[in-house]
Structures are given as C-alpha cells and as structure tokens.
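The values are calculated or read from the model by the stated rules, or taken from the named source; none is laboratory data. Predicted, not measured: the structure shown is a model, and the values here were computed from it. Quick reminder, even Gly has a Cβ in these numbers, built from the backbone with ideal geometry, and neighbours come from all protein chains shown.
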Amino acid sequence: MSFRIGCHLSSAGGYLAMGQTAGSIGANVFQFFTRNPRGGAAKPIDRQDVRDFLAYAAEKGLGPILAHAPYTLNAAGAEARVREFAEATMADDLRRLELTPGALYNFHPGSHVGQGTEAGIELIASMLARILADFGSVPSTTILLETMAGKGSEVGRTFEEVRAIIDRTVERLSDSASNIERATLNSRLGVCLDTCHVWDGGYDIVGDLDGVLAEFDRVIGLDRLRAIHLNDSMNARGAHKDRHACIGKGKIGEEALARVINHSRLRDLPFYLETPCDLDGYRKEIALLKSLRTA
Ligand code: FE
Ligand code: FE
Ligand code: ZN
C-alpha cells in the first residue's frame, strides 16, 4: 500500500482547489473543516466544483478526504440548544458528504462540562445512534471519534471512554435497525488517533508504541482505527494540554513519529498533519516524512 500522507487545508476555495493544493505540496490526502470551526452555517455546495474535484481525485489517486466537524460541536453539552446544534450540524455534514462518497468524518466526542463522563458518554452515543437511525440509508461516510488529550472535561481521553461510546451507540442502534443495516452501520463507526492527543493523554507512544497499540487493540480493536492525526506535542506526556507542535519540534520527536508512520499495524492508514505550519511548512514536513518512510 502506498504512503497516504497529507495535511489540514483551508476549504475557502472549494473542493477542487483543496485537491490541487494537496497535489502541489506532495499530499495525496487532506483534511478540511466542514464549516467555520467556531460554528455557524455551512456554505452551499457547488456541485460543479464537487464533480471537478471527484474527477481530479480519481485521476491523481487522491483520498480519502477527512472532513473535520467544527470545534463548537458538543454532543455532551449541558444545554439542550448546544446538543441540538451538534446533532443538526453532524446530520447536515453527513448529508453533504454523500456527494463525495467514501469520505471520513472526524469529530471531538464532546465535553461533559461537569455532568460527568458517564452522562457525557450517554449523550454522545444517543446522538450518534439517532443520527444513524434517522439517516434513511447507510451513510457512505465513516464517522470517526477522535482520541482526545483530556483538556477540561473532554470525553474520549482514554481508549476505554472511546470504546464505551461505540458500544453504547451500537447497543442503541440495535433497537432501531435491521440486522444487515446494523452490521453496515457498525462498520461506519471508527476512530481517529491523534498522536499529540494520546501523548498528552498519557499514552507512551515514544517509549512503547507497541504497548500502546496492543492496549488500543485490546480495548477498542485496531479494526476500528481508520485514520491518524500526525502531530508533535509542545508538552510532556500526560500534560492534558493539546498544543500541537511541528514534526520533530516537540516532545514526541521525529524518531517516534517515524516509527508511527512505519508501524506494520498503522502504515496502511491515511495520515493527516495538523501541525502549526503554513503551506510551505506542510510541504517540507510531507517531504521529510516521505524520506523517513521505509519501503
Ligand atoms: Fe480534531
Ligand atoms: Fe486532531
Ligand atoms: Zn488537538
């Protein structure tokens, strides 16, 4: 399998522009925000732009694209209007993503804001189950829960919490969906592992990557892992801070990140950089990572 590597790009110019930008910096995958990351309505979709992009992506072998939900989406919010915004936004994003089949959709599970982790997990799972059950068909998009650093009251700071959300969602789905749909819907639930977040969350991907992946496999199952956010971290392991650093400029370091992109259990996944870089910085990081990739 070829090395799938790219970065977060601005969606201001539309899909084709993102594809071309990705191509110009040596990327064959990319991530973008579905709408303003601080919230609000999404721009109307330009269908011609989507068609042009799909043709371009097919020609260049680009993908999968990873759509990132806005940061303001909090399925575990204490106020009903916050949770309603989360549900309406995710449902709308998934509907729009049907235009680009086979995409990944990543979201931060949420912050329980004092209601407790258990209550947070329940709110997130019930939202996911409702969205999937109400979708009308099996979405072509795979929804990814992002592993979080554990800042504030974030849910999804441990593999156990991520697993609990998935389990609870699947349980809820079984009330509403037929057998076949249930199996397919289940396959549309995955995880995106963010290297900065798991490091900040306390997992030692520097000293014991094999051990961390074995734990992921035991708790969640590596078959759920569908994408990697490849970031260095400004802070020490377990800091729960979530400050991304450029590759090789943080506490995780270039050697450890090279082991991540080359690990036999990870190397076939798509890798998305979210480092504090401009386009030229991304171009250099992608070139560096390609040079570190083993055959
Ligand atoms: Fe994220
Ligand atoms: Fe991330
Ligand atoms: Zn982050």
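What are the residues in region 231-244 that are more than 12 Å from ligand 3 (Cβ to nearest atom) and within 18 Å of the chain's Cα centre (by Cα), if any? None - no residue of region 231-244 is more than 12 Å from ligand 3 (Cβ to nearest atom) and within 18 Å of the chain's Cα centre (by Cα), so the list stays empty.
I need the full set of residues from region 199-212 which are in a helix (DSSP H, G or I) and either within 14 Å of ligand 3 (Cβ to nearest atom) or within 14 Å of Gly156 (Cα to Cα) (or both), in order please. Within region 199-212, Trp199, Asp200 qualify. For Phe85, the stated conditions do not hold, so it cannot be described as within 16 Å of ligand 1 (Cβ to nearest atom), within 21 Å of Glu154 (Cβ to Cβ) and at pLDDT 95 or above. Screening the candidates Glu215, Glu146 for the property of being in contact (Cβ under 8 Å) with a residue 12 or more places away in the chain and away from ligand 3 (no atom under 16 Å from the Cβ) yields one hit, Glu215.
Residue count for region 15-45, restricted to those that are in contact with a Phe, Trp or Tyr (Cβ under 8 Å, 6 or more places away or on another chain) and over 21 Å from Phe271 (Cβ atoms): 3. If you check Thr158 against the conditions, is it among the polar types (S, T, N, Q), more than 16 Å from ligand 1 (Cβ to nearest atom) and within 30 Å of Arg237 (Cα to Cα)? Yes. Criterion applied to Ala42, Ala57, Ala67 was being within 29 Å of Asp280 (Cβ to Cβ), in a helix (DSSP H, G or I) and not basic (Lys, Arg), and the one residue passing it is Ala57. Screening Ser111, Ser153, Ser126, Ser137 for residues that are surrounded by fewer than 16 Cβ atoms within 10 Å (Cβ to Cβ), over 20 Å from Arg226 (Cα atoms) and hydroxyl-bearing (Ser, Thr, Tyr) leaves exactly one candidate, Ser137. Among the residues here, Cys196 qualifies as in a helix (DSSP H, G or I), within 16 Å of ligand 2 (Cβ to nearest atom) and surrounded by 15 or more Cβ atoms within 10 Å (Cβ to Cβ). Beta carbons closer than 7 Å, at least 6 apart along the sequence or on distinct chains, pair a first residue in region 96-117 that is polar (S, T, N, Q) with a second that is surrounded by 21 or more Cβ atoms within 10 Å (Cβ to Cβ) and in a helix (DSSP H, G or I) for Thr117/Glu161. Every listed requirement among (1) part of a helix (DSSP H, G or I); (2) modelled with pLDDT of 95 or more; (3) away from ligand 2 (no atom under 13 Å from the Cβ); (4) under 20 Å from Ala69 (Cβ atoms) is met by Leu185 save one, (2).
Out of Asp92, Asp46, one residue alone is of a type outside the set (Val, Ile, Thr) and farther than 26 Å from Ser126 by Cα. It is Asp46. Screening the candidates Ile228, Ile286, Ile252, Ile247 for the property of being buried (at least 19 other Cβ atoms within 10 Å of the Cβ) and more than 16 Å from ligand 3 (Cβ to nearest atom) yields one hit, Ile286. The C-beta contact set for region 189-207 (first residue charged (D, E, K, R), second residue surrounded by 19 or more Cβ atoms within 10 Å (Cβ to Cβ) and part of a strand (DSSP E or B), distance under 6 angstrom, 6+ apart or interchain) comprises Asp194/Glu146; Asp194/His229; Asp200/Ser233. Go through the residues of region 132-146 one by one and say whether even a single one is within 16 Å of ligand 2 (Cβ to nearest atom) and of a type in the set (D, E, K, R). For region 132-146, residues within 16 Å of ligand 2 (Cβ to nearest atom) and of a type in the set (D, E, K, R): present.
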